[in-house]
Structure formats: structure tokens, C-alpha cells
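**Q** Structure incoming, see below.
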Amino acid sequence: MRRTTAIRERFEALHSQYSREVWALAYARRMDADAALDVMQETFLRLWKQLESGDEVQNPRAWLLRVARNLAEDLAKSAFRRNGTQPPEMLNGLMSRGTLPVEKMERDEAFARIRELLDELTPADREILTLRYAFEYDAPRIAELLGVAVAAVHMRLSRARTRLAERLSANGVTTLP
Amino acid sequence: MTPLPQNPDHLDRAFGAYFQAQVPTPWPAPPVPVETRTAVNAGWSNRTRFTLAASVAALFAFALWVSAGGDPTTATKGDDLLRNGKAEGDGLKKHMPVDPMK
């Protein structure tokens, strides 16, 4: 009983510490918020089984990211078999925020375009953008999470942002909500 | 609506709006593992296995006891069974139906 409590405490601490990073990694690969959530939950369930079985997880972060990466790739393969090359939902996760219908339509359209263009970036660039914009992590934190230099984060962030802005312009998106 | 891409702040805000719209709200709690059910199942499984093993052992012991003759004061010996069950030819004829062709 005491062992189970200890495992649960460790499990919850790891979830609190790494779940956003796991979600960001899965999201950067799939560009699907719901699928990323499924990958995140499945990854943590596997972590629980690992902890419960008594096998020591030496580096939980590396373990979690490896499992999440594999699951995201497996999901991509199975999604490809089901849906061909199109992602299941282009407008996935674009929830209403109480805006007017016309504004909402314009925003959804711009978001769909952003999403399409994000597909053209590398998963590494998308991961940095996700960590920066979805969770508002600063460059030092992203650098720590990804194990790269702060200068490299700035450079990749700037490059990904510029590339995205250029592609949006080239695709006729002149305004954003 | 904001012009693109002249103002990097607006671009940042737009990207922020896009990515934040993707983040699950509220952030999900840790998944609930089914360890309780697993523990119950494990206990049940062990009990089942023990019961099965005990039943097999009892059956085996009974089979040994029977093959060893069991209780000599109450058991019927095979010879007795044969002797008592021996069919007599005449006796059987008495019970045969009469042949209507005769």
C-alpha cells in the first residue's frame, strides 16, 4: 500500500513536470490537439505500468519523450492508413471564444492556413513554436527542455517565425485575427 | 484584423492565439491507472489457481485411494462382482421372447 502511494506521488510529480512537453512533442508531430492528448495520456499510462512493475526509469524525461515519439509515429501510420494523406480534421481544436460569426469564420480560415503552413515546417521547428506560443515558455526554458543552447532557440524560433510569416504572405494571408 | 507581416508583435500575438487555441483547457489530470482493479484481479486469480490446484490434488488422492483398494471392509472386490454377475445360458433363455415362426 505504501509502495503504491509512493509510485502514485512520483507519477503525479512526473505528470506535472513533463506532461506539457510530451503534449508539445506529440502536437508538433501530428498537428492534432486531440491526438496529442491521446498520445500524452497513453504515454503516462505506460509510465505508470513501468513504475508499478518495479523497473527503474533512470531518466523519466527521456523515457517519456521516446515513448511519446514512438506512439505519435505509430498513430501517424495508422491515421495515414485510415485517412490517406489528409489529416483527420483541418480545423481541429478551433473552439469558439464568443466572437461574431464573420470574425470567427475569418479567424478559423486564418488558423486553418497557419495549420497548413505549419505542416511544411520540420517537427523540431514546430516543437519550438508550440513550446513558445502554446505554453509561453521563454528561450532559456525551451533550451533546457530541448537540450540546446539559448542562442540556438532564439535562432530557430526567429527562423521558424519568419518562414511562417513569409509563407502566410505568399499564400495570400494578409491579415490575422 | 492585423496586417501581416509588418508588425512582429502582432504576428506573435496571432501565433499565440493559434497555438493557445490548441492547448486542452483545463489541462488534463494524470490518467487514472487501473491498479486497484488489477490488484483485485490478481487476488482473484491466485485464489482461483489455489482452488483449482487443491481440487486436482484431492481428485488425484481419491484416485490413488480407489486404485489402492480403498477401505477393505466395505469395498466390493472385482472377483465378487464377476461371480455374482455371471450369466447362465439357461437363465437367459427363459427371458427370450418366443419365436412366432415356430
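The values are calculated or read from the model by the stated rules, or taken from the named source; none is laboratory data. Given the structure is predicted, the values throughout are model-derived calculations rather than measurements. Positions of Cβ are backbone-derived with ideal geometry, glycine not excepted, and every protein chain shown enters the neighbour counts. Just so you know, the surface numbers come from the protein's heavy atoms only, side chains and all, with ligands and any DNA or RNA stripped out. Shrake-Rupley method; radii C 1.70, N 1.55, O 1.52, S 1.80 Å.
**Q** Between the DSSP loop rule and a limit of at most 10 other Cβ atoms within 10 Å, which GluC sites (Glu not before Pro) in the stretch A:1-76 are left?
**A** Taking the stretch A:1-76 and a limit of 10 other Cβ atoms within 10 Å, the loop GluC sites (Glu not before Pro) found are A:56.
**Q** Starting from one equal scatterer on each C-alpha and no solvent at all, send me the Debye-based log10 I(q)/I(0) for the stretch A:2-83 at q = 0.14, 0.23 Å⁻¹, two decimals.
**A** Those come out to -0.46, -1.02, one per q.
**Q** Are there GluC sites (Glu not before Pro) in the stretch A:122-156 that DSSP marks as loop and that have at most 16 other Cβ atoms within 10 Å, and which are they?
**A** Passing sites in the stretch A:122-156 are A:136.
**Q** Per residue and in cubic angstrom, what volume does the convex hull of the Cα atoms of the stretch A:107-177 have?
**A** Given the Cα convex hull of the stretch A:107-177, per-residue volume reads 80 Å³.
**Q** Can you compute the charge dipole magnitude of the stretch A:1-68 about its Cα centre, using +1 on each Lys and Arg Cβ and -1 on each Asp and Glu Cβ, nothing else charged? Give it in debye, rounded to the nearest 20.
**A** It works out to roughly 180 debye.
**Q** Related question: What distance in nm lies between label points placed 7 Å from Cα along the C-beta direction at residue B:68 and residue A:151?
**A** 8.8 nm
**Q** Put a dot 7 Å past each Cα toward the Cβ at residue B:55 and residue A:12; how far apart are the dots in nm?
**A** Each label point is offset 7 Å from its Cα along the Cβ direction, giving 4.2 nm.
**Q** Under a Cβ-only charge scheme (Lys and Arg +1, Asp and Glu -1), can you give me the dipole magnitude of the stretch A:101-170 about the Cα centre, in debye to the nearest 20?
**A** 180 debye
**Q** Chains A and B: buried accessible surface, both sides, probe 1.4 Å, rounded to 100 Å²?
**A** 3200 Å²
**Q** Along Cα→Cβ, 7 Å out, is where each label goes; now give me the distance between the ones at residue A:73 and residue A:58 in nm to one decimal.
**A** 2.1 nm
**Q** Only loop residues by DSSP count here, and only those with at most 14 other Cβ atoms within 10 Å; note down the trypsin sites (Lys or Arg not before Pro) in the stretch A:116-177 that meet that.
**A** none
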